[in-house]
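Take a look at the structure set out below.
The values are calculated or read from the model by the stated rules, or taken from the named source; none is laboratory data. These numbers were taken from a predicted model, which means no experiment stands behind them. Positions of Cβ are backbone-derived with ideal geometry, glycine not excepted, and every protein chain shown enters the neighbour counts.
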Amino acid sequence: MEVQSETLADEELATITGYQIPSKQIQWLTENHWEFVLTGARRPIVGRIYARLKLSGVKPSAANTMAETWSLDLAKVG
């Protein structure tokens, strides 16, 4: 099983924005109210969980972007 990066790959970002050029991607992300950070080379970086929430129509927040911690409860098994 391949482990995905925590951030979108360049190709994924190009697919979402429709642009290959970073300045156009930044413009699209800004106009569509997406959160992103810039690398030193001024390329936009978008988190994978954030993008999944955004694309599914859920407004990303601190509460729903955190991985839910769970533990196995076998108390009712019997």
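Do you know which residues across the range 8-59 are modelled with pLDDT under 95 and among the hydroxyl-bearing types (Ser, Thr, Tyr)? Tyr50, Ser56, listed by residue number. Within the range 27-45, residues that are on the phi < 0 side of the Ramachandran plot reach partners that are in a loop (DSSP other than H, G, I, E, B) and surrounded by fewer than 11 Cβ atoms within 10 Å (Cβ to Cβ) with beta carbons closer than 9 Å, at six or more positions or on different chains, in the pairs Trp28/Gly18; Ile45/Thr39. The set of residues from the range 28-65 being of a type in the set (Gly, Ala, Ser), outside any helix (DSSP H, G or I) and surrounded by 11 or more Cβ atoms within 10 Å (Cβ to Cβ) comprises just one member, Gly47.
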